[in-house]
1. Being of a type in the set (Gly, Ala, Ser) and at pLDDT 95 or above is the filter here; which residues of the stretch 118-142 pass it?
2. Among the numbered criteria (1) under 19 Å from the mean Cα position of the chain (by Cα); (2) surrounded by fewer than 17 Cβ atoms within 10 Å (Cβ to Cβ); (3) not charged (D, E, K, R); (4) not in a loop (DSSP other than H, G, I, E, B), which one does Gly67 miss?
3. Has the stretch 183-191 got any residue that is at positive phi and either surrounded by 15 or more Cβ atoms within 10 Å (Cβ to Cβ) or part of a loop (DSSP other than H, G, I, E, B) (or both)?
4. Could you look through the stretch 143-171, keep only residues that are of a type in the set (D, E, K, R), under 21 Å from the mean Cα position of the chain (by Cα) and at pLDDT 95 or above, and pick out the one that is surrounded by the fewest Cβ atoms within 10 Å (Cβ to Cβ)?
5. Count, please, the residues in the stretch 84-104 that happen to be surrounded by fewer than 24 Cβ atoms within 10 Å (Cβ to Cβ) and among the hydrophobic types (A, V, I, L, M, F, W, C).
6. What single numbered condition from (1) of a type in the set (D, E, K, R); (2) within 30 Å of Gln361 (Cβ to Cβ); (3) touching a Gly at 6+ places or on another chain (Cβ under 7 Å) fails to hold for Arg129?
7. Could you list, in sequence order, the residues of the stretch 187-213 that are touching a residue at least 60 places away in the same chain (Cβ under 8 Å) and either under 14 Å from Ile164 (Cβ atoms) or of a type outside the set (Val, Ile, Thr) (or both)?
8. Return the residues of the stretch 74-94 that are assigned to a helix (DSSP H, G or I) and touching a Leu at 6+ places or on another chain (Cβ under 7 Å); say none if nothing qualifies.
Amino acid sequence: MTRQLHFVGYCCVSPTWHNNGAWRHAESDAVNVINPSRYENIAKILEEGKFDGLFFVDCLSMFESYGDTFAADLKWGGQMYMLEPMQVLAAMARATKNIGLAATMSTSFYHPYHIARQFATLDHISGGRAGWNVVTSANNLEAQNFGMEKLLDKALRYDQADEILEACGALWNSWDEGALLLDQEKGLFADPEKVRYANYAGKYVKTRGPLQTPRSPQGHPVIMQAGSSDRGREFAARWAEMVFTNQRDKAGMQTFYSDMKGRVEAAGRNPDHCAILPALDFVVGETESIAKERADYINSLVNPELGVADISNSLYLDLSSHPLDQKVDELDLSEGAKGIRGIFDLILGGSKGKTLRDAGQAWGESQMIFQFVGTPTMIADHMQDMFESHACDGFIVTPKLSPSSYISFVRSVVPELQRRGIYRKDYTGRTFRENLRSGS
């Protein structure tokens, strides 16, 4: 089969996603932010576009690095995470048949038994469409919500995460295929010879098992990961079936792609079984000028100070005492390196010569991810070039505006890619994993 693009939709249970003013747009569905029908509708739109899957980013605290308060995000509608995503995915599973459904869950706070049972259950509910976006967390406020003073050091968090994945694997494999007999005539419900204890014991976690939940259709969820540090890439090379990355340009994508594929192969895995998907922000128009007008209007709704607050939250560094017209080059952001490494690099790389207000505006527009603005043909040209240049295996598709950005992408860009033969016309697999690996 010819190599084909893979798409995964980026979602938040939040008023806004990557554009902090989009919730104010007349076409926005943010008024339904805590209504599951919003997310069921998004899932249906992406399934119409034959997306491999969608996933929810998540955080387990309010953001309050800016001025030591959560006021900015709450007042102006920042990227807050308002409902627990696994329960939202269960609703989306009942409204769809094919699209993969993934949630973020932290290895720093949840025990492997809880994680294993949650995702095995979602895999059963969805008929084999569960995915897990593995994060180690980077925010001590999250730790304090779970009764901890602070997180482990970054390297140790990945060591702990390795054990969590090993323990979850032992639990998922505690049931063999065929263990559930369901023989009413003979009165045999399950075969105890095909169920075993996990008996996992590591430095950080222990679990006895067996899991209560029978083996799920996929055996285990599709594993996603987004670490950009050297240790994060090492972790992804061992475990990830899909890597979510933010790169500013084609050259950066190619470098990351080559590095990750090499690491996966060095870990003894098939590089084709790890899809590299950079984030893509887009605005589609009937003409290039119309697309730019649409993008300009959406971006005019951005609140630059909220953008600065969100930079503070990403770096875990309070910028509230600095005037918005101060040059970013004059700021000491070295403490920001304690935040998420990939975000720190994006901010430093994209803000040279700019004021803090400029940086807040840029961050508020797209969180500095790669952007395409143009006609369906122009966007398809860019995507095809990135794909055929081995800069990616597809994209994490992040809309400026929900749901209309997704609708325009599915109904105009997807058909163009299908005509070119580089994107599926229908699902060929039964599970999330099978669809993700098809056309690799």
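The values are calculated or read from the model by the stated rules, or taken from the named source; none is laboratory data. Quantities reported herein were computed from a predicted structural model and do not represent experimental measurements. Cβ sites come from the backbone with ideal geometry, for glycine too, and all protein chains shown count toward neighbours.
1. Selection gives Ala120, Ser126, Gly127, Gly128, Ala130, Gly131.
2. (1)
3. In the first step, residues of the stretch 183-191 are kept if they are at positive phi; the result is 187.
Checking which are either surrounded by 15 or more Cβ atoms within 10 Å (Cβ to Cβ) or part of a loop (DSSP other than H, G, I, E, B) (or both) leaves us with 187.
Yes - at least one qualifying residue is present in the stretch 183-191.
4. Looking at the filtered set, the residue picked out is Asp162.
5. Qualifying residue count for the region: 6.
6. It is condition (2) that Arg129 fails.
7. From the stretch 187-213, those touching a residue at least 60 places away in the same chain (Cβ under 8 Å) are 200, 205, 207, 209, 211-213; that's our starting set.
Of everything in the stretch 187-213, those that are touching a residue at least 60 places away in the same chain (Cβ under 8 Å) and either under 14 Å from Ile164 (Cβ atoms) or of a type outside the set (Val, Ile, Thr) (or both) turn out to be Tyr200, Val205, Thr207, Gly209, Leu211, Gln212.
8. Trp76, Met86, Leu89, Ala90, Met92, Ala93
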